[in-house]
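Note sheet for the following structure.
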Amino acid sequence: MTSPHGRRRAGAATALGLALVLPLGAAHAEPGDPGDELTIDSLPTLADTEIDGHRGAITLPDIEAVDIPDIEPFVPEVTSDGDETVVSLDTDVLFEFGKAELSAEAKKAVVDAVRDVPDDAAIEVVGHTDSIGSDADNLALSKKRAQAAATAITAERDDLTTKVSGKGESDPVAPNTQGDEDNPEGREKNRRVEIRYAD
């Protein structure tokens with residue numbers, strides 16, 4: 001005896017069979033009949049002309065272009081006077097504010113900056129800051145940053161002899177102020193680590 005639940009399930013299966021088969025033009029098979037299961041081999045085929053009526057163009061929404069800002073690569077400033085080459089690294093790129101730890105990317109940038117240093121050369125790594133903060137804090141920070149850069153260099157170039165020092169704010173290359181006004185551009189230039197070696 002079939003339960004009421006069984007009847008509903010059978011009815012649902014029949015409706016499902018009709019939904020699957022009738023649109024495809026196949027004859028409806030009664031539940032339980034042999035061969036009423038759909039397989040790859042038993043699926044009906046459709047001609048292209050039958051499919052064409054159901055094809056339609058898809059309208060894509062307009063997509064606005066996104067402006068991607070230009071990202072300038074890290075390029076150290078290199079100067080030479082014939083006797084000495086100075087490679088100046090912008091510490092704003094290398095270090096977080098007030099910190100002296102180099103990220104993996106910053107270490108690679110430092111190492112890339114000394115790629116042209118001759119084998120077995122002696123280099124001096126000197127840290128500099130701007131004038132914001134106390135003299136003592138700036139001196140300590142400049143030494144730590146110089147040491148971090150020197151450590152990254154010698155990890156890749158153990159042929160180089162390094163000397164490390166920090167000068168804090170005592171040797172600016174640009175004015176930290178102009179008149180009584182702050183000079184952010186000048187301070188940015190003063191925050192640097194220099195790598196010096198003889199030509």
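The values are calculated or read from the model by the stated rules, or taken from the named source; none is laboratory data. A quick note: this is a predicted structure, and the numbers were derived from the prediction, not measured. Neighbour counts are summed over all protein chains in view; Cβ atoms, including those assigned to glycine, are modelled from backbone coordinates with ideal geometry.
Structure notes:
- Filter pass, V78 being in a strand (DSSP E or B), touching a strand residue (DSSP E or B) at 6+ places or on another chain (Cβ under 8 Å) and at pLDDT 95 or above: no
- In the set T59, T129, only one residue is in the same structural domain as P175 (by TED's automatic domain parsing) and either farther than 25 Å from R196 by Cβ or in contact with a helix residue (DSSP H, G or I) (Cβ under 8 Å, 6 or more places away or on another chain) (or both); that residue is T129.
- Going through (1) outside any helix (DSSP H, G or I); (2) more than 18 Å from E188 (Cβ to Cβ); (3) out of contact with any helix residue (DSSP H, G or I) (no Cβ under 8 Å at 6 or more places or on another chain) one by one, V86 falls short only on (2).
Results for (1) within 16 Å of V164 (Cβ to Cβ); (2) of a type in the set (V, I, T); (3) in contact with a His (Cβ under 7 Å, 6 or more places away or on another chain); (4) buried (at least 18 other Cβ atoms within 10 Å of the Cβ), shown as yes or no for each residue.
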| residue | (1), (2), (3), (4) |
| --- | --- |
| P76 | no, no, no, yes |
| V93 | no, yes, no, no |
| K99 | no, no, no, no |
| H128 | yes, no, no, yes |
| S131 | no, no, no, yes |
| S134 | no, no, no, no |
| D137 | no, no, no, no |
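- Of A109, A148, all but one fail to be modelled with pLDDT under 95, crowded, with 17+ Cβ neighbours inside 10 Å, over 23 Å from G82 (Cα atoms) and among the aliphatic types (A, V, I, L, M); the exception is A109.
- Matching option when the condition is of a type outside the set (S, T, N, Q) and modelled with pLDDT of 95 or more, among A198, A136: A136
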